[in-house]
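S.K.: Following this message is one structure expressed as structure tokens.
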Amino acid sequence: MTSLDPRAPLVLDTRELGRRPGSQLEMVRTVPAPAELGIEVLHVPEGSPVELDLRLEAVMEGVLVSGSATAELDGECARCLEPIEDEISVRLQELFVYDDVRHDSSDTDLEDETSRLEDDLLDLEPLLRDAVVLALPFQPLCEEDCPGLCVECGARLADDPEHGHEEPIDPRWAGLQGLETLQDPSTTTD
Ligand SMILES: [Zn+2]
Ligand SMILES: [Zn+2]
């Protein structure tokens, strides 16, 4: 009775490792990224290659997985909306407990959070998701000091640091500017 699909890219088969504590298995593979990996403004494109470099180690209670995952990132700058292409590399470490190992039943909360092997399979996806999301900035920026957009015309200030509006801009705005001047109470005099 298992809910894991052994053919899923992020489901690892530990049969080759065996259960003798201390035995180890290096696992290097590239898998397609699952959907919605990351956050809305910065994510790993679905299907793009995720490089896994893992070590599986049999311990008394289960299988200890450690290693790294490296993936592409797509997103946009939180200040200027410029597309961002980056790469992320996260550390992975988790103990997957054998599904036939019983724990103290009074400790049900802990039990729920325990990652478990199902038969000889383990699902790396939740671990990968958590690691990627934790590693992402809440507000991705195209560059550390991105100046953002001009509040008047929306131009990207990083492209035009000397940006200013002393002189008339786009003629399409000229009419509007005149209107604003008329409505601005500070400019009306008796
Ligand atoms: Zn930016
Ligand atoms: Zn402007």
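The values are calculated or read from the model by the stated rules, or taken from the named source; none is laboratory data. Bear in mind the structure is a predicted one, so any value in this text is a computation, not a measurement. Positions of Cβ are backbone-derived with ideal geometry, glycine not excepted, and every protein chain shown enters the neighbour counts. With ligands, DNA and RNA removed, areas are computed over all heavy atoms of the protein, side chains included. Shrake-Rupley method; radii C 1.70, N 1.55, O 1.52, S 1.80 Å.
S.K.: Probe radius 1.4 Å, ligands and nucleic acids left out: which of Ser89, Ser66 has the largest accessible area, and how do the rest follow?
M.R.: Order by accessible area, largest first: Ser89, Ser66.
S.K.: Separate question: Provide the per residue accessible area, probe 1.4 Å, for segment 1-91, rounded to a whole number of square angstrom.
M.R.: 59
S.K.: Note down the net charge around Arg55, summing +1 for each Lys or Arg and -1 for each Asp or Glu among other residues with Cβ under 14 Å from its Cβ.
M.R.: Net of charged neighbours comes to -3.
S.K.: Okay, moving on. At 7 Å along the Cα-to-beta-carbon direction for both Cys153 and Arg15, put a label point, then send me their distance in nm to one decimal.
M.R.: 6.7
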